[in-house]
Every structure is written in structure tokens, then in C-alpha cells.
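Here the structure is laid out as C-alpha cells; the discussion comes afterwards.
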Amino acid sequence: AVVSTQSTAGPEVPARDGLNMSDVLNLSASSCSDISQLEISLEEAEEKIAGLLRVKEKLVIVQAEKSQLEVDVSQLEDELSTLAVASRSLTACTVIPIIVLLVAIVTAFLPVVSSILGTRDF
């Protein structure tokens, strides 16, 4: 006589002695494959995390280099403005003596220039 303990609310639960050895092996094989898939997924996730950590380290290094380069650029801009002022000063110091020399030459040769141009008084 088989006694059925069936409730109206749920599915029928097989009796424990109804399981044979092949069912147990199938369950353990499927759980092993599930565990190996989980291990593979875990290894892939760990590799991705390690890759992200390497990228983060590179990002920190690049940001530090960027801030150092910004400082260097500002220093170079300051030096460039100093050189521009020095260049203007040097140009002025060079042009002024040339103008004075031209005025002196014209003044020294004014009688010759005036006679050539016909503006000399006789």
C-alpha cells in the first residue's frame, strides 16, 4: 500500500527512498558544472577587476602628470612674457642709436645734401 501525502496547495513531493543512484549522480554532476561555471565567472570577474585597478592606477599617474604639466606651462608662460619684455627693451635700445646715427649723418652731410637738392643758399 502506497501512502500519498498530497496537499492541495503544492506539488507532489516524491518519497526519499524513490531516488536511485543515477539521480544522485546527475544532481551532483549538474551541481559540479554549475560550480565550475561559477568559478570561471569568478575568475573572469577577478581579471576584470584587476584590469580596472590597473587602469585606475594609470589614471592617477596621468592626473599627477597633468597637474605637473599645467604648472610647467604656467611657468613657461611667465618666462615667455619676461622674454617678450626683454625683446622689446632690446629692440628699443638698438633702434634709438641707429636713429641718432642717421640724424648725425644727415646733419654732417647737410651742406652736401642741400647742394644736391638745390636748397643750399649761396
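Here the simple spin-label model places points 7 Å from the Cα toward Cβ, and for Val62 and Val113 these points are separated by 6.6 nm. Extension gain, Leu83 to Leu101, is 3.8 nm, computed as 0.36 nm per intervening residue step minus the present C-alpha separation. Counting only protein chain heavy atoms and rolling a 1.4 Å probe, the accessible areas of Ile35, Ile116 rank, largest first, as Ile116, Ile35.
For segment 58-122, trypsin sites (Lys or Arg not before Pro) meeting the loop criterion (DSSP other than H, G, I, E, B) and having at most 16 other Cβ atoms within 10 Å: Arg120. Taking label points 7 Å from Cα along the Cα-to-Cβ direction, Val73 and Ile49 give a separation of 3.7 nm.
The values are calculated or read from the model by the stated rules, or taken from the named source; none is laboratory data. Predicted model only: the values in this text are computed from it and were never measured. In this analysis, Cβ positions are derived from the backbone assuming ideal geometry, glycine residues included, and neighbour counts consider all displayed protein chains. Please note that ligands, DNA and RNA were not included when accessible areas were found on the heavy atoms of the full protein model with its side chains. Shrake-Rupley method; radii C 1.70, N 1.55, O 1.52, S 1.80 Å.
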